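Have a look at the structure below before the remarks.
The values are calculated or read from the model by the stated rules, or taken from the named source; none is laboratory data. Everything quoted here is computed from the prediction, not taken from an experiment. With ideal geometry, Cβ positions are generated from the backbone for all residues, glycine too; neighbour counts draw on all protein chains shown. Quick note on the areas: whole protein, heavy atoms, side chains included, nothing else; ligands and nucleic acids left out. Shrake-Rupley method; radii C 1.70, N 1.55, O 1.52, S 1.80 Å.
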Amino acid sequence: MEECDGAIYGKVCCKNVNMNLYILGNGFDMAHGLNTSYSAFEEYVKEYHKDWYQLLGTMYSMKDPSRLWKDYERNLCNVDITGVTTNYNSRWIGMKKHEIENFFDNIYDQLQSLFHEWILSVDMSNCSKKMNLSAHDYFISFNYTNVLEKIYLIPREQICYIHNDTKNQRLLRPIVGHGDSYKHIETRVMLYKNVIRKIVEKEGYPEWCEDENDYVGFLMKCFQQLIGSLKKLPNEIIKYNHYFFYQLSRLPIDKVYVLGHSLARVDEAYFKKLFEFKSIKKANWYVSYHSLKEWPKLYYCFIKLSGYTKLPQMMKM
């Protein structure tokens, strides 16, 4: 590699060279024929893990067994506290404290394991190029597959797999979670205090508890910790990927393409971080949409994410 007086990242000297940044969501993978929708995840669990499919239906139903799967990440925070307490309290009464805690911990572990297992099962054998992507550009992928590397031959050092990827997932689980704050979670659980109390008054409580108040407080803490454990931590993820973001802060990014991304609130912190960088803030932004129905939502979501400072150019994907 020849030296120059511009900064060098990967194989590219960035002096006087305009670059593109691509931000890729699940719509990108699906446009390449990969079956990575939440409904596909539901079908996988339903077929290969029937017991857990039924349990999760109870955990999240709110009288709708498919509620969790309709928008998986967002709905991870929507545990049906009333339904879970009603269905399981009679069992908990005969369990030790650590056994009940293990019940809740196991739900978190299993949700992560199921998603991990499903992602590793996604078939990429028929995947092929659908667009013209340059190996000189940079990419932030919210997906877990390696389409960029395997199909487009993009160097790995120019890709940030913000939520981990299949190449590393033998050791690292995919990062998946909701975006509610801890304060919101605490408030949400508090709303069910009287519901939990009524069930406990009717059915009783374990011998190791001092009284009903002790047991009600314990269950509320268990629910709060479960929902909190299913929360995505974007600021910690940004710190973990600090070197990639440092590179972006110094690159002359001319255009930013958001392809197949829902611009959901759970990912807001990542976009706010990008808008801290001068060239990215000045860049022309292009946001893809799949149907005219989703066009207005994506348009206004982007404006909000940008702090009402940028207008995107919308493009059909």
At 1.4 Å probe size, put 214, 105, 29 in order of accessible surface, largest to smallest. 105, 214, 29
Using per-residue counts of other Cβ atoms within 10 Å, averaged over each peptide, order 247-254, 179-186 from highest down. 247-254, 179-186
Within the set 130/150; 130/231; 183/239; 183/282; 183/304; 167/239, which residue pairs have Cα atoms separated by over 24 Å? 130/231; 183/282
Treating cross-link reach as a plain straight distance, find the aspartates and glutamates whose alpha-carbon is under 18 Å from the alpha-carbon of residue 50, omitting any fewer than eight places away in the same chain. 42, 64, 109, 117
At 24 angstrom or more along the helix axis (alpha-carbon based) and mean Kyte-Doolittle of -1.0 or higher, what helices does the chain contain? Whole DSSP H runs only. 97-121, 212-229
Among all the aspartates and glutamates, which ones have a C-alpha under 19 Å from residue 198's C-alpha, if same-chain residues fewer than 8 places away are not counted? 80, 207, 210, 211, 212, 214
Computed FRET value (nearest 0.05) for residue 201 with residue 236, which takes r as the C-beta separation and R₀ as 41 Å: 0.55
Just to be sure I understand the model, the point goes 7 Å from the Cα along the line to the Cβ. What's the resulting residue 214 to residue 316 distance in nm? 6.7
Here the gain from full extension of residue 43 to residue 167, 0.36 nm per residue of separation minus their alpha-carbon distance, amounts to 42.3 nm
Candidates 302, 103, 277, ranked by Gaussian network fluctuation over the chain, Cα under 10 Å, top entry: 103
Proximal lysines relative to residue 96, as straight alpha-carbon distance under 18 Å, when same-chain residues fewer than 8 apart are discounted: 221
What is the chain's relative contact order, in percent, from Cα pairs under 8 angstrom and six or more apart in sequence? 22
Tell me what the chain gives for mean residue ellipticity at 222 nm when only DSSP H runs of n ≥ 4 count, each as -39,500 (n - 2.57), the sum divided by the residue total, rounded to 500 deg cm²/dmol. -14000 deg cm²/dmol
Taking 0.36 nm per residue of separation and subtracting the Cα-Cα distance, what length does fully extending residue 153 through residue 281 add? 43.3 nm
Over the chain, what is the percentage of antiparallel beta bridges among all DSSP beta bridges, to the nearest 5? 10
For segment 133-260, what is the relative contact order in percent, using Cα pairs closer than 8 Å and at least 6 residues apart in sequence? 21
